[in-house]
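J.: One structure follows; several queries about it will come next.
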Amino acid sequence: MEITTIIVVALAVLVGLSLGLLGGGGSILVVPLLTYIGGLDPKEAIATSLFVVGATSLVSLIGHARKGNVQWRTGLIFGAAGMVGAFLGGLAGGYIPGTVLMIGFAVMMIATAGAMIRGRKDRDGQSNDHHHPLWRILLDGLVVGAATGLVGAGGGFLVVPALVLLAGLPMTAAVGTSLLVIAMKSFAGLGGYLTSTSLDWPLVAAVTIAAIAGSFLGVRLTSVVPEKALRKGFGFFVLLMGAFVLSQELPFPAAPIILGVVAVLALAAAICFVAVDRCPLRSPRGRAEPALRTA
């Protein structure tokens, strides 16, 4: 086994860890991993990521289901719409230039990182499946699925907020249910890509096994590691990775400028969130702090 393959398989453990612990983030890691370390063509990397993330999500789903964190009806409805969008996205992605796909992937990474760093409103006291009309849930599932199938990303960190905001699920249920949705969309997107892309199945199997091993650890850590701190730290990492992908795909001088700007913003945000856990000019609820009294 080549050294690059060994490195890819070893780092794939982080993919499973992210899926098991956060309910998403797998393809955000695996696509750049396969493209820039494994040397795969972008289309093959995206298709491989769909299989790896789909299989790992199914395994992680079992652990969350045992804990009662899966809302099957909501997940199946959202997932069914997502499968249609993912298949169409995967079908289209097979005919789009790899550079365009990677730029789209980088944009998705940066948007995802922003959502992760900003955080999501926890609705643990709510579980109403009819928070929004069924057509709205189906439409969002279709759009999120199309994004997943097209660039192999945007799974968990788009699905989880959608399940919280549209279906009214509590965060714990949204994370577990998102794994069902991700698995359904990933395999549908893979089906679209396989019409025009072939995979290195031994590599796919090795990466999948490593990711599944990481997912077991991730599920076990859900009750140990503070989700907020981990999500924000992961968000900064994804932000830098997105900038790196853009720097590889865009021509000079745009690439170093983008990389530098994002690095500075990430450093400033990290100091803000990590050092004081909130922006210094805002209250814990997000409002501006009142001015200091002079008397």
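The values are calculated or read from the model by the stated rules, or taken from the named source; none is laboratory data. Because the structure is a prediction, the values reported are computed rather than measured. Cβ sites come from the backbone with ideal geometry, for glycine too, and all protein chains shown count toward neighbours.
J.: Here is a list: Thr4, Thr35. Which entry is at pLDDT 75 or above, hydroxyl-bearing (Ser, Thr, Tyr) and closer than 22 Å to Gly191 by Cα? I'd like the intermediate steps shown before the answer.
T.: On the way: Thr4 fails: closer than 22 Å to Gly191 by Cα.
After ruling out the rest, the residue left standing is Thr35.
J.: Still on this structure, please answer the following. Pull up the range 214-223, narrow it to residues that are surrounded by fewer than 18 Cβ atoms within 10 Å (Cβ to Cβ) and among the aliphatic types (A, V, I, L, M), then point me to the one that is modelled with the lowest pLDDT.
T.: For the range 214-223, the residue satisfying everything is Leu221.
J.: Can you confirm whether Gly141 is in a helix (DSSP H, G or I), small (Gly, Ala, Ser), buried (at least 24 other Cβ atoms within 10 Å of the Cβ) and at pLDDT 80 or above?
T.: Here the answer is yes, as Gly141 does meet what is asked.
Residue-by-condition table, conditions (1) part of a helix (DSSP H, G or I); (2) closer than 21 Å to Gly192 by Cβ; (3) in contact (Cβ under 8 Å) with a residue 60 or more places away in the chain:
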site	(1), (2), (3)
Thr74	yes, no, yes
Phe78	yes, yes, yes
Leu88	yes, yes, yes
Tyr95	no, yes, yes
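J.: State whether one or more residues within the range 90-110 are at pLDDT 85 or above, small (Gly, Ala, Ser), over 19 Å from Leu180 (Cα atoms) and in contact with a helix residue (DSSP H, G or I) (Cβ under 6 Å, 6 or more places away or on another chain).
T.: Among the residues of the range 90-110, not one is at pLDDT 85 or above, small (Gly, Ala, Ser), over 19 Å from Leu180 (Cα atoms) and in contact with a helix residue (DSSP H, G or I) (Cβ under 6 Å, 6 or more places away or on another chain), which makes the answer no.
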